[in-house]
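Before any comments, here is the structure.
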Amino acid sequence: MGGAGAAMRTAHAYVVWPAAATVAAARLPQELKSKVHELISGEEEALELEVVQPAVASCPAPVPQVEMLSAAAQAAWHACASELSLVQVSFQTSTGDFEELVTALEILGDTEVVGGGSGFFLGRPAISQPELLHGPTHAEYKNLHSSTFDSHFPVICALAVLLLLALLKLAHVTYHRLGNSFAPLLLVISVFSGTVALPVAVGAWWYRQRKTAAAEGESPELEMTCEEDTVE
């Protein structure tokens, strides 16, 4: 964690945990802090946790804050098989370690559950109070921050396939019209490279090839003309 005097930042979240006044329930804030610390570097004392009191609600009250938690947490809340409380928590750490803290909260939101009078459900993190209150739901947050393939991936694949088919068709037409000269095709492909130097280089090479071919085509004609002049 950052040293003394380092700038601090705060991440907020909602947490659902057992509301019963038991020894296990009393240890839940420390359990939450320890779980977070296991996923980040530095001293545990440098990570500050605040549990906002009183609780926001008790299950199965239909409060909108529950939507900030995972589907499993929402199911447990509505089922209310045991008394659960929804509370707001805030974590404070140095600016340099803030991204690491947010990542840890995201991981715990996907892995931790309530069971046997202990444990907790952690909602998605927010970097400000307005975002916590009015930000995306848990599902929307996961879609925004997911690194896996989304709904745009099939569209991108389809466009890539169409581009490949177009290039293959162009290669086929070029081969039949120009024989083994693939310079025009190379020029077209180089345009899709996203660079300026490659199309220029291919164009210059094509120009030299055509100039050389034209010079070779003129040489036999000159030789035939010289031979005719000699015969006369």
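Checked against the criterion of being over 28 Å from the mean Cα position of the chain (by Cα) and either more than 14 Å from Pro29 (Cα to Cα) or of a type in the set (D, E, K, R) (or both), the candidates Ala71, Ala104, Ala76, Ala55 yield just one match: Ala76.
Among the criteria (1) at pLDDT 90 or above; (2) open to solvent by 60 Å² or more (accessible area, probe 1.4 Å); (3) over 13 Å from Val36 (Cα atoms), the one Asp150 does not fulfil is (1). Regarding region 56-79, can at least one residue be identified that is closer than 13 Å to His12 by Cβ, open to solvent by less than 50 Å² (accessible area, probe 1.4 Å) and among the small types (Gly, Ala, Ser)? So far as region 56-79 goes, no, none of its residues is closer than 13 Å to His12 by Cβ, open to solvent by less than 50 Å² (accessible area, probe 1.4 Å) and among the small types (Gly, Ala, Ser). For region 110-139, a tally of residues being small (Gly, Ala, Ser), at pLDDT 90 or above and open to solvent by 10 Å² or more (accessible area, probe 1.4 Å) returns 1. Taken over region 55-96, the residue count meeting the criterion of being assigned to a strand (DSSP E or B), at pLDDT 90 or above and of a type outside the set (A, V, I, L, M, F, W, C) is 6.
Check Ser34, Ser41 and return the single one that is open to solvent by less than 40 Å² (accessible area, probe 1.4 Å) and either of a type in the set (Lys, Arg) or over 17 Å from Leu133 (Cα atoms) (or both). Only one candidate passes the filter, namely Ser34.
The values are calculated or read from the model by the stated rules, or taken from the named source; none is laboratory data. What you see is a predicted model, and the numbers here were worked out from it, not measured in a lab. Positions of Cβ are backbone-derived with ideal geometry, glycine not excepted, and every protein chain shown enters the neighbour counts. Heavy atoms of the whole protein, side chains included, go into the accessibility calculation; ligands, DNA and RNA do not. Shrake-Rupley method; radii C 1.70, N 1.55, O 1.52, S 1.80 Å.
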